[in-house]
Amino acid sequence: MEILYEPYHIGIKLHPYTNLDILKERLKKELGRRGYEIPREIVTEPIKIGPPEEIIGIKEDTQVVIRRDLQALNTRGTSPMSVSSVFKEITDLLPNLGYELDALVQFYEIIATMNIKTSKKPVEILKKAIRIRRQKMILRTLGKVKILGVHIGVERKGRVSMDLIIEPNPTSPTSRLWVKVRFRSKNKAEVETFHEELEKNIREMIEFLEGA
């Protein structure tokens, strides 16, 4: 089974009172000391307006990004291992810059889009996994019923902490599945564990669906 990530993201949703300009300057200075590539800042005159998304550091293929519109500090790239490594470095660094994680962070979030080559046709995999008794469906009066995808949510304490969508890849519908995952938690260790187990769990799920 071949899995390609496009892309892999671990983000930090910051409390709204966080001054992003101060955070950005502190991080850029420290990331530069640690060997990150620091993109040149574009200044517009006469008024400087920060863009909604700003890359403040790059290490290998992983970007450190400030999202002003989302009040977020994100790490993203195509290699989950590299993204996770940078995420850990950033979260270890923030307390040294004067930030307490419990006060700064509203929640952590993993977003992964996985392009998976399968041994069977994606539509057939999903059709067998969801066995519908079509004669009892009211939709049958409208025409042929097709399975377009599976959407699973995991809820804890009244909140959805994980969304999982499995569907045929729109550009390779006969050979690849698109798996989109979003996981949120206030607990940093829980996010790290989810990251470490994600690919194994997705492989096991797809193998189960292929054999269903």
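Read-outs: derived from the displayed coordinates by stated rules, not from any lab. This structure is a prediction, so every number in the text was calculated from the model and none was measured. Cβ coordinates were reconstructed from backbone atoms using ideal geometry, including for glycine residues, and neighbour counts include every protein chain displayed.
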Exercise for the section: Please give the net charge around L148, taking every other residue with its beta carbon less than 13 angstrom from that of L148, where Lys and Arg add +1 and Asp and Glu add -1. Expected result: +2
Completion exercise
Relative contact order as a percentage, the chain, C-alpha pairs under 8 Å and 6+ apart, gives 23
Exercise for the section: Would you calculate a helix-derived [θ] at 222 nm for the chain, using -39,500 (n - 2.57) for each DSSP H run of n ≥ 4 and dividing by the full residue count, to the nearest 500? Expected result: -9500 deg cm²/dmol
Problem - Placed amide H near R68: partners under 5 Å, 5+ positions off or other chain - result: E53, E54
Problem - Efficiency of FRET between I130 and E204 - r from beta-carbon atoms, R0 22 angstrom, step 0.05 - result: 0.75
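Output the Kirkwood hydrodynamic radius of the chain, Cα pairs only, in Å rounded to one decimal.
Values: mean 1/r = 0.0515 Å⁻¹.
Kirkwood radius, the chain: 19.4 Å.
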Exercise for the section: Could you size up the charge dipole of the stretch 2-211 around its Cα centre, putting +1 on the beta carbon of Lys and Arg and -1 on that of Asp and Glu, and report it in debye to the nearest 20? Expected result: 1360
Practice task
Any chance you could run the full-extension gain for K157 through T171? It's 0.36 nm times the residue separation minus the Cα-Cα distance, nm to one decimal.
Solution key: 1.3 nm
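If the limit is 20 Å between Cα atoms, which of K28/K180; K59/K200; K157/K186; K28/K186 go over it?
K28/K180; K59/K200; K28/K186
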Practice task
List the DSSP H helices in the chain whose Cα atoms stretch 18 Å or more along the helix axis and whose mean Kyte-Doolittle hydropathy is at least 0.0.
Solution key: 80-93
Problem - Peptides 91-100, 77-86 ordered by average Cβ neighbours within 10 Å, highest first - result: 77-86, 91-100
Exercise for the section: Compare the peptides 10-23, 106-119 by average per-residue count of other Cβ atoms within 10 angstrom and give them in order, highest first. Expected result: 106-119, 10-23
